[in-house]
Amino acid sequence: MEGKKKLKIEELLVAIMVFVMATIAFINVLSRYIFHFSFAFTEEIEVNLFIWVTIIGIAIAFEKGSHLGMVTLYKKLPKGIRKGVTIISGLLSTILFLLVNIYAIKEIYQDITLFHATTEALGIPFWVYTIGIPIFSIFIFIRILQATLNEVKNIDKGGK
């Protein structure tokens, strides 16, 4: 089985969500042209799935090292400083997503306890959509840790 790429859970989730989004959009377009009727709830589902896909996509990008960086400057730094910059970058990324999660959890708490707000089209409580942020952020935290540790190991080995 050499050469086969192992599909990760994040990639599988994104593929399923994008498939669902495309299917819903396609059905809505067909209904508009054939029946001259549009399903209003489809936009609600697609927008919220898009947010979840974005969150999971951030984790995938951390794993692949696809986030923007000042690579030219970074490569010119001495080994010790590169290691420090890598660790600081990992810590700052973690802090950023911790803050995002703190605010998302506050929002969920308020939606559940105070506002009891529901979506227009389907009447689903808003917190159902918002809860995807902290849940899928688990992938982000794991991938930040893995990317940081892998980069530190590469620096120690004398790699990039």
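Okay, residues lined up against (1) within 27 Å of Ile144 (Cβ to Cβ); (2) more than 16 Å from the chain's Cα centre (by Cα):
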| position | (1), (2) |
| --- | --- |
| Ile34 | no, yes |
| Phe37 | no, yes |
| Glu63 | yes, no |
| Met70 | yes, yes |
| Lys83 | yes, yes |
| Ile88 | yes, yes |
Exercise. Would you mention how many residues in region 119-160 are surrounded by 14 or more Cβ atoms within 10 Å (Cβ to Cβ), under 20 Å from Val47 (Cα atoms) and in contact with a helix residue (DSSP H, G or I) (Cβ under 7 Å, 6 or more places away or on another chain)?
Key: 12
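The rows are residues; the columns are (1) touching a residue at least 24 places away in the same chain (Cβ under 8 Å); (2) in contact with a Gly (Cβ under 6 Å, 6 or more places away or on another chain); (3) of a type outside the set (A, V, I, L, M); (4) within 26 Å of Thr94 (Cα to Cα).
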site: Gln110; (1), (2), (3), (4): no, no, yes, yes
site: Leu114; (1), (2), (3), (4): no, no, no, no
site: Gly123; (1), (2), (3), (4): no, no, yes, no
site: Thr130; (1), (2), (3), (4): yes, no, yes, yes
site: Ile135; (1), (2), (3), (4): no, no, no, yes
site: Ile140; (1), (2), (3), (4): yes, no, no, yes
site: Leu145; (1), (2), (3), (4): yes, no, no, yes
site: Asn150; (1), (2), (3), (4): no, no, yes, yes
site: Ile155; (1), (2), (3), (4): yes, no, no, yes
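When you scan region 75-160 for helices (runs of 4 or more DSSP H) that lie fully inside it, which ones turn up with 3 or more residues that are under 23 Å from Leu49 (Cα atoms) and in contact with an Asp or Glu (Cβ under 9 Å, 6 or more places away or on another chain)? Walk me through how you get there before you give the answer.
Working: elements: 79-110, 126-130, 132-157.
Output list reads 126-130, 132-157.
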Exercise. Would you tally the residues in region 6-55 being among the basic types (Lys, Arg) and either loosely packed, with under 12 Cβ neighbours inside 10 Å or not in a helix (DSSP H, G or I) (or both)?
Key: 2
Self-check item: region 71-94 residues that are on the phi > 0 side of the Ramachandran plot, paired with ones that are modelled with pLDDT of 95 or more and of a type in the set (Lys, Arg) (beta carbon under 7 Å, 6 or more apart)
Solution: none
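The values are calculated or read from the model by the stated rules, or taken from the named source; none is laboratory data. Computed from a predicted model, the values in this text were never measured in an experiment. Using ideal geometry, Cβ is built from the backbone for each residue, glycine included, and neighbour counts are taken over all protein chains shown.
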